[in-house]
Amino acid sequence: MRTDDDHSPISAQDAKRLFADWKAAPAIVLAVSGGPDSIALMWLAARWRSTLARGPRLIAVTVDHGLRAEAAAEARDVKRLARTLDLTHRTMRWTGEKPKTGLPAAARTARYRLLAQAARASGATHVLTAHTRDDQAETVLMRLLRGSGIGGLAAMARESERDGVLLARPFLHVSKSQLVATLKKAKIGFADDPTNRDTNFTRPRLREIMPVLAAEGGDARNLARLASRLARANQAVEILVDGAERYLALRDREAPRAGLDASAFDASSFDAKAFAAMPEEIRLRLLKRAIDRFGHEGPAELGKVEALLAALDQAGAKTGKVPRPRLKQTLAGALVSLTDGRIRVEPAPPRRGRAD
């Protein structure tokens, strides 16, 4: 696809390449809010689908978070446009009390949950979103400011699993200006969400400083390129971690029950000395994998896993200078213990409620 002109409309041939990976899917949910990016997603996907002799069913889904009075009318506008494109449309509503803090994150979680629900109900294997190169650049900046690791700085993947469906982003290397140009050429209108300019939120604040960063070389194209390169490095490290898992399992006399690669069992146990001999990044990822596998409170935060790894080292797991090192901590719903030269990760027992 052309990338030399960020303001050029996306052609039919460009669209064919953008959506080619999903032509064998039985059905696809398109996440369409009504803004320019998602309207372009729906229009281009419908245009692409019309060129196929056989292709996936397309279902446009709009999530109304119930946060703006205009949202219901915007959903109806999306439905009308979907009809002209011969697409099925559904509106999903986020009901119930909304949190007073952390609203953007809560709204995002609810959005993906409802999109996945619509996908399962429609027999769709994929949910396509309209995240652009500009969104990718903002995500890199947000995660950089939070001190994320390599995996976090790799930002959004082209395809990933979430809530039991595959989440795909065909526009990660496409600028927002190209999508707007595409709609203008097709004479298709779109909604303007004022929250995208509300500087009470992080993304709009970062959006305001992007021109300053671009003048120093930190434009969306370069930030997205950084994300791609870090994703490549992260993939390589993950392959090394896979090998480390197999090594720990194979060298253990009780493997695979005692090895890290023991997801079929109710716990993971491995030799602390062999674990300690590995590079810190590998040990960190092995530990996080085991915690995420056996915990029941969602993915463990990287900083907390780092602190736990440091505690294991301090307890003597790394140096072996402590005669009988011991440690027991819970993290993300997993119980991690160091006893008799072995590190064990298992589901933590239920928390006891406070007595009345």
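The values are calculated or read from the model by the stated rules, or taken from the named source; none is laboratory data. These numbers were taken from a predicted model, which means no experiment stands behind them. Cβ atoms come from the backbone with ideal geometry, glycine included; neighbour counts cover every protein chain shown. For accessibility, only protein heavy atoms count, side chains too; no ligands or nucleic acids. Shrake-Rupley method; radii C 1.70, N 1.55, O 1.52, S 1.80 Å.
Show the residue pairs that are 6+ apart or on different chains and have beta-carbon atoms under 8 Å apart, the first residue being within region 232-244 and of a type in the set (D, E, K, R), the second being at pLDDT 95 or above and surrounded by 14 or more Cβ atoms within 10 Å (Cβ to Cβ).
GLU238/ARG285
Restricting the first residue to region 126-153 and requiring it to be aliphatic (A, V, I, L, M) and at pLDDT 95 or above, which pairs with a second residue that is part of a loop (DSSP other than H, G, I, E, B) and buried (at least 21 other Cβ atoms within 10 Å of the Cβ) meet a Cβ separation below 6 Å and a spacing of at least six or different chains?
ALA130/PHE171; VAL140/ALA155
A quick yes/no check of all residues on (1) buried (at least 19 other Cβ atoms within 10 Å of the Cβ); (2) charged (D, E, K, R):
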| residue | (1), (2) |
| --- | --- |
| ILE10 | yes, no |
| ASP21 | no, yes |
| LEU30 | yes, no |
| ILE39 | yes, no |
| MET42 | yes, no |
| SER50 | no, no |
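Consider only pairs whose beta carbons are under 9 Å apart and that are at least six residues apart or on different chains; among these, list those whose first residue lies in region 277-301 and is closer than 15 Å to TYR247 by Cα and open to solvent by 20 Å² or more (accessible area, probe 1.4 Å) and whose second residue is part of a helix (DSSP H, G or I) and aromatic (Phe, Trp, Tyr).
As it stands, the answer is MET278/TYR247, since those pairs meet every condition given.
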